[in-house]
Amino acid sequence: MMTPDDHPQAASAKAELALNRLLQMMPPAVAASFTPIQREALQQALVANAWRRHPLDIRLTLPLLVKRLYVVLLVGEERRSRKRS
């Protein structure tokens, strides 16, 4: 079943926002050096690497004496290649 986040146009729009944030964090001369083809390739890579929803997603914050830590447990089907995992 496809969720709104799985829609290709939504993923592309999110990737475009992520690309713009990434470019804004770079020195302006470096960000301006990317050609339109390179920018498109970066955006496509961001779409391919977009986070998907997980069947189990537990996020906890643990308050300690001075600091707060967080713990995240994500469970889902393994999609990485054997080489990557």
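The table below lists the values:
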read-out	value
Pairs where the first residue, in region 73-85, is more than 12 Å from Arg52 (Cβ to Cβ) and the second is assigned to a loop (DSSP other than H, G, I, E, B) and of a type in the set (Gly, Ala, Ser), C-beta under 7 Å, 6+ apart	Glu78/Ser85
Residues that are of a type in the set (Gly, Ala, Ser), over 21 Å from Val47 (Cα atoms) and in a helix (DSSP H, G or I), drawn from region 15-34	Ala29, Ala32
Pick from region 35-82, criterion surrounded by 10 or more Cβ atoms within 10 Å (Cβ to Cβ) and among the small types (Gly, Ala, Ser), ranking: farthest from Ala15 (Cα to Cα)	Gly76
Test for Ala18: is it surrounded by 10 or more Cβ atoms within 10 Å (Cβ to Cβ) and without any contact (Cβ under 8 Å) to a residue 24 or more places away in the chain	no
Filter pass, Ser33 being out of contact with any Phe, Trp or Tyr (no Cβ under 6 Å at 6 or more places or on another chain) and at pLDDT 95 or above	yes
Selection status of Val47, closer than 26 Å to Leu19 by Cα and not charged (D, E, K, R)	yes
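The values are calculated or read from the model by the stated rules, or taken from the named source; none is laboratory data. Here the structure is a predicted model, which means the values were calculated and not measured. Virtual Cβ from ideal backbone geometry, glycine too; neighbours counted across all protein chains shown.
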